[in-house]
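The structure under discussion appears below in the form of C-alpha cells.
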Amino acid sequence: MYVSTGELSKRFNISMRTIRYYDQIDLVSPSRVEEGGKRFYSGEDCFLLEKVLLLKSLDLPLEEIKKIVTEESTETILLAHKTFLEEQLKATQASIAHTTSLINILSLEGTIHWEELLSLVLPKKETRNWSTFFSEKEQETLQERLPKLEQDSMTTKKWMNMIKRIELCIQEGFSPGSAHAKLIVEDMELLSEETFQGDQNLMMKFWDVRRSQESSSELNLYPVKQEIIDFIEKAYDSL
C-alpha cells in the first residue's frame, strides 16, 4: 500500500517541504514516482521516516541520522530513544521536586526570594556533607524517614503545620512556658517518635544539627528560623 506525499505529511505531521528535502538528500525517498513527478511512499518508506523522526527528536544532525538508519538496527535506535526519554524524565522529575519545594516554602513563609526562583533556571550548588554528622546507616534512615519539601507527603505536611503553629504562638505572644506551647511540644514528641521510630539517639543527633543554622545550611536543609528553634528549646526546658 502506497501513500502520497500529502498523506505522508498529514500522518507524521511534517511539512511537504521537509519530505521533499529528505528525498533530495537520499534520506527517505519514495519507492514509486509516477509520470508528472507525483511521489508515493511504501510501508517500508513510512517505517524509515518514523525512525528518522525519532532520531531527529534526539537533536542529532541529519548526516548522523542517515548513517544510523543505514548501519544500526531498529532495536539500537529504540534503545537510544529510550535513554533520551529517561534522561528527560529524570530532569523533569527533579524540576517538579524543586518547584514543589518552593511551593512549600511559599506556604511556610508567605514569600519567596528572587534567588530561590532563579534556582529554577540555575540549579543550586550541592553542599551536602552528611557523613560529617551521621554514619552511613543513619544517613539511609534519615533519607527514608525525614520529611521532604519536594514531596507532598503527610509527614511533610505535619511538620509544616507544626512550624506554622509555633510561628502563631510567637506572633500572638504566647510564652514557651504556656499551655499552648506545652501542647505543641507534646505533639512534636509524638511526631518525632513517628518520624524516628523510637531512635532517640538519632533524633537528638539530628536536632543538634537543626539547632545550628550553619550545619543546616551545610546539609542544604530548609532554614528554620532561629526564633522558632529558640522557642522549642525554651518550651522543652519549661516542661
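The values are calculated or read from the model by the stated rules, or taken from the named source; none is laboratory data. Note that this is a predicted model, so its numbers are computed, not measured. FYI the Cβ positions are ideal-geometry reconstructions off the backbone, even for glycines, and counts take in every protein chain you see.
Run down Ile77, Ile112, Ile96 and say which single residue is in a helix (DSSP H, G or I) and surrounded by 12 or more Cβ atoms within 10 Å (Cβ to Cβ).
The unique qualifying residue is Ile77.
For the range 214-237: of the residues being assigned to a loop (DSSP other than H, G, I, E, B) and in contact with a Lys or Arg (Cβ under 8 Å, 6 or more places away or on another chain), which is nearest to Gly173 (Cα to Cα)?
Val224
Yes/no per residue for (1) assigned by TED's automatic domain parsing to the domain that holds Glu150; (2) free of Cβ contacts under 8 Å to residues at least 40 places away in the same chain; (3) among the small types (Gly, Ala, Ser); (4) in contact with a Phe, Trp or Tyr (Cβ under 8 Å, 6 or more places away or on another chain):
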{"position": "Gly198", "(1), (2), (3), (4)": "yes, yes, yes, no"}
{"position": "Asn201", "(1), (2), (3), (4)": "yes, yes, no, no"}
{"position": "Lys205", "(1), (2), (3), (4)": "yes, no, no, yes"}
{"position": "Glu214", "(1), (2), (3), (4)": "yes, yes, no, no"}
{"position": "Glu218", "(1), (2), (3), (4)": "yes, no, no, no"}
{"position": "Leu221", "(1), (2), (3), (4)": "yes, yes, no, no"}
{"position": "Gln226", "(1), (2), (3), (4)": "yes, yes, no, no"}
{"position": "Ile229", "(1), (2), (3), (4)": "yes, yes, no, no"}
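State all residues of the range 27-49 that are surrounded by fewer than 16 Cβ atoms within 10 Å (Cβ to Cβ) and either of a type in the set (Val, Ile, Thr) or touching a residue at least 12 places away in the same chain (Cβ under 8 Å) (or both); if no residue qualifies, say none.
Across the range 27-49, the qualifying residues are Ser29, Ser31, Arg32, Val33, Lys38, Ser42, Gly43, Glu44.
Given (1) under 23 Å from Gln88 (Cβ atoms); (2) in contact with an Asp or Glu (Cβ under 9 Å, 6 or more places away or on another chain), identify the lone condition not met by Val69.
Among (1) under 23 Å from Gln88 (Cβ atoms); (2) in contact with an Asp or Glu (Cβ under 9 Å, 6 or more places away or on another chain), the lone unmet condition for Val69 is (2).
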